[in-house]
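Structure first, then comments.
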Amino acid sequence: MNQTASPSSAGAEPRRFALIPAAGVGARMGARIPKQYMAVAGKPMLHHALETFAAHPRIAHTFVVVSAGDGWIDELLTPELAQRATVLRVGGATRQESVFNGLVEMRAAAGDADWVLVHDAARPGLDAELIDRLLDALADDEVGGLLALPVVDTLKRASAEGRSEQTVPRAGLWAAQTPQMFRYALLRRALNEAAEQGRIGAITDDASAIEMLGLLPKLVEGSPRNLKVTLAQDAALAEFFLKG
Ligand SMILES: Nc1ccn([C@@H]2O[C@H](COP(=O)(O)OP(=O)(O)OP(=O)(O)O)[C@@H](O)[C@H]2O)c(=O)n1
Ligand SMILES: C[C@](O)(CO)[C@H](O)COP(=O)(O)O
């Protein structure tokens, strides 16, 4: 069993844990293997975020949620990474269910006041600068927040026939990225309440559950290099950014 951090003691500086949901199948990618294990810039996609968090001095430990039958993670987790990361084979039917299951499993390590940074394995372009930007912006924040980008394109609402039937005003619209960073107890409560209300399957990010509590997560400017690799063409763009 990998060494995991002990719960933070009362009054100590809250620690920060990364939680990487990596239990998807990558259906939209249409690859022969789950996209988080596809090679991007010479490494499996998941490896990039895992290495970034493992190397970051302000992240106490990283937990990776994979599906129970995942046959790839053991090869990816080198002895060095295994000192800084723990695999949780509790992936669920949706991203949020995987996140919730991961929160439950990491309970032994995380205290209620500790921070959890939830980050998609499908976003390999995250780097230390973006992590520091988020940590610094949320240092004294009561709620927490997320990396996001202001929308710069004009947005159209499509009709069933694929025609533009409405232009959605883009003022004030941001596109959410990850990490999404909240206190352990708050995030667990928010996802638990969403699950109890039968809404966890409808939400697509962690901040949505926090908003359901009537709280307002802070938006922190992310970066185009932190794109989510969803479709085949996204992998080439991610590779471009990673190769610099
Ligand atoms: N049941 C799920 C679904 C998704 N994820 C993770 O959540 C992140 C963002 O999800 P997405 O980009 O949608 O990945 P997939 O669900 O694999 O893609 P698709 O929807 O095309 O199948 C990914 O790192 C994915 O591995 C997860 O842990 N558990
Ligand atoms: C969490 C997220 O990356 C924020 O944009 C996004 O909602 C994930 O969506 P997906 O359909 O699970 O990839």
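Observations on the model:
- Extension gain (nm, one decimal) between Ile33 and Glu193, 0.36 nm per residue minus Cα-Cα: 54.3 nm
- Theoretical FRET efficiency, 1/(1+(r/R0)^6), r = Cβ-Cβ of Leu215 and Ser159, R0 35 Å, to 0.05: 0.50
- Across region 16-243, the relative contact order, built from alpha-carbon pairs under 8 Å that are at least six residues apart, equals 24 percent.
- From its DSSP helices (H runs of at least four residues, each -39,500 (n - 2.57)), the chain gives a residue-normalised ellipticity at 222 nm of -8500 deg cm²/dmol.
- Computed from backbone phi with θ = phi - 60° and the Karplus coefficients 6.51, -1.76 and 1.60, the 3J(HN,Hα) list for region 78-88 is 5, x, 5, 5, 5, 6, 10, 9, 10, 8, 10 Hz; x is used for glycine and proline.
- Rounded to the nearest 20, the Cβ-based charge dipole of the chain about its Cα centre (Lys and Arg +1, Asp and Glu -1) stands at 480 debye.
- For Val87, residues with placed amide H under 5 Å, excluding near neighbours: Val64
- Here region 75-144 and region 211-244 have alpha carbon centers that stand 15 Å from each other.
- Mean shadow area of the chain, taken as a quarter of the surface of its Cα convex hull (nm²): 14.3 nm²
- Cα gyration tensor category, rounded, prolate or oblate, for region 88-135 with a/c compared to 1.5: oblate
- According to the Kirkwood relation over distinct C-alpha pairs, the hydrodynamic radius of region 36-121 is 13.5 Å.
- Projecting the Cα atoms of Ala23, Phe182, Leu50 onto the charge dipole of the chain, computed from C-beta unit charges around the Cα centre, puts Ala23 farthest toward the positive end.
- Out-of-range pairs (alpha-carbon distance over 20 Å; input Lys35/Lys218; Lys218/Lys243; Lys35/Lys228): Lys35/Lys218; Lys218/Lys243
Readers should treat all values here as calculations from the given coordinates under stated rules, not as data from a laboratory. Please read these numbers as outputs of a predicted model, since none were measured by experiment. For neighbour counting, all protein chains shown are included, and Cβ atoms are generated from backbone atoms with ideal geometry for every residue, glycine included.
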